[in-house]
Amino acid sequence: MYQGKSLIIIPSYNEAENIVEIINDVLIQKESFHLLIVDDNSPDKTYKLVEEEIIKNPKKIFLIKREKKSGLGSAYLAGFKWAIENGYEKIFEMDADYSHDPKDLLRMDVFLDNDGYDVVIGSRYVSGVNVVNWPIQRVLLSYFASIYARLITGVPVKDLTSGFVGYKVNVLKSILKENIRFNGYAFQIEMKFKAHSNGFKLIEIPIIFTDRTKGESKMSLSIVWEAIFGLLLLKIKKVFKF
Ligand SMILES: Nc1nc2c(ncn2[C@@H]2O[C@H](COP(=O)(O)OP(=O)(O)OP(=O)(O)O)[C@@H](O)[C@H]2O)c(=O)[nH]1
Ligand SMILES: [Mg+2]
């Protein structure tokens, strides 16, 4: 239905302070960009603001509203399925909180028009450390997590936990045939791991990641544990193929 178009998927949970602005900032980047918000019944009613935007622009903005908070990974899986069913060719993951600059979507989109690349990753660590306004503990955690993830998985990507990623639809079709186990940071690692092991070509381009200035973080210790131990499990399962 939407061949040649790009779908930007934004999961949202209590992003009322960001959502209207980010929707409009994404749409002005390129005529062919469409948006899908996956909201988990946010208590601050983020979805209501999305519904109001949809009334103004029903052909380009879409909403999946789920019953309850079920995690970032499962929100993306619902979004990917919808994107495939609706015939989009390029699909992006992006946060609602302005950590990812909508302007970077243009640079990323171009790579997916190129035959040589299947996945484009907006990367904080491709040239030094490009993170603005994160406390030093958070930068260190993320940076060492990325080194750990690279060592364990063997995937030659510097920012494996990046949540700013574009995929050609074939990549998602192929990955979704498999079982996706994880839901938090580990979900991001798993997606790149599976894309790489299914033979797709990944490229990292540098982006500047800025900490959110509005709304609250949903990061939790359980998300970090899932990434640390879950990854080991993923590797062991791959080695022993069960
Ligand atoms: N639908 C849905 N969206 C979520 C869920 N958890 C987080 N999000 C959204 O996913 C994106 C990333 O979440 P963040 O809270 O920014 O996580 P983070 O980037 O690790 O943490 P901070 O930047 O420190 O806030 C944001 O757009 C959130 O609103 C969830 O369970 N369901
Ligand atoms: Mg964030």
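The values are calculated or read from the model by the stated rules, or taken from the named source; none is laboratory data. This one's a predicted model, so the numbers in the text were calculated from it and none came from an experiment. Every residue, glycine as well, gets a Cβ built from its backbone with ideal geometry; the counts of neighbours run over all protein chains shown.
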Among the numbered criteria (1) buried (at least 22 other Cβ atoms within 10 Å of the Cβ); (2) within 14 Å of ligand 1 (Cβ to nearest atom); (3) not hydrophobic (A, V, I, L, M, F, W, C), which single criterion is violated by residue 138? (1)
Can you name the condition, by its number, that residue 236 falls short on among (1) surrounded by 13 or more Cβ atoms within 10 Å (Cβ to Cβ); (2) farther than 24 Å from residue 101 by Cα? (1)
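Give the residues of region 105-133 that are assigned to a strand (DSSP E or B), under 16 Å from the mean Cα position of the chain (by Cα) and of a type in the set (A, V, I, L, M, F, W, C), sorted by residue number.
At the first step, the residues of region 105-133 found to be assigned to a strand (DSSP E or B) are 119-123, 131-132.
Imposing the further condition that a residue be under 16 Å from the mean Cα position of the chain (by Cα) reduces the set to 119-123.
Correct list: 119, 120, 121.
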Just give me the residues in region 134-185 being free of Cβ contacts under 8 Å to residues at least 60 places away in the same chain, in a loop (DSSP other than H, G, I, E, B) and among the hydrophobic types (A, V, I, L, M, F, W, C), in sequence order. 155, 157, 160
Could you tell me which residue of region 193-232 is nearest to ligand 1 (Cβ to nearest atom), considering only residues that are within 18 Å of residue 152 (Cβ to Cβ) and free of Cβ contacts under 8 Å to residues at least 24 places away in the same chain? 225
Taking region 3-48 and keeping only residues that are crowded, with 16+ Cβ neighbours inside 10 Å, closer than 17 Å to residue 166 by Cβ and in contact (Cβ under 8 Å) with a residue 60 or more places away in the chain, one is left with 5, 6, 7, 8, 9, 10, 11, 22, 26, 29, 33
Taking residue 134 and the conditions (1) more than 15 Å from ligand 2 (Cβ to nearest atom); (2) at pLDDT below 90, which numbered condition does it fall short on, given that it satisfies the others? (1)
Which of the residues spanning region 27-58 are away from ligand 2 (no atom under 16 Å from the Cβ) and in a helix (DSSP H, G or I)? 27, 47, 48, 49, 50, 51, 52, 53, 54, 55, 56
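Of the residues that sit in region 187-217 and are away from ligand 2 (no atom under 16 Å from the Cβ) and among the aliphatic types (A, V, I, L, M), which one is surrounded by the most Cβ atoms within 10 Å (Cβ to Cβ)?
Of the residues in region 187-217, the ones away from ligand 2 (no atom under 16 Å from the Cβ) are 189-206.
Among the residues that remain, those that are also among the aliphatic types (A, V, I, L, M) are: 189, 191, 195, 202-203, 205.
Values: 189: 28, 191: 26, 195: 24, 202: 18, 203: 18, 205: 18.
Looking at the filtered set, the residue picked out is 189.
Yes/no per residue for (1) modelled with pLDDT under 95; (2) in contact with a Leu (Cβ under 9 Å, 6 or more places away or on another chain):
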{"site": "106", "(1), (2)": "no, no"}
{"site": "119", "(1), (2)": "no, yes"}
{"site": "150", "(1), (2)": "yes, yes"}
{"site": "153", "(1), (2)": "yes, yes"}
Output yes when any residue across region 72-87 is in a loop (DSSP other than H, G, I, E, B), buried (at least 16 other Cβ atoms within 10 Å of the Cβ) and not β-branched (Val, Ile, Thr), and no when none is. no
Can you confirm whether residue 230 is away from ligand 2 (no atom under 15 Å from the Cβ), surrounded by fewer than 22 Cβ atoms within 10 Å (Cβ to Cβ) and on the phi > 0 side of the Ramachandran plot? no
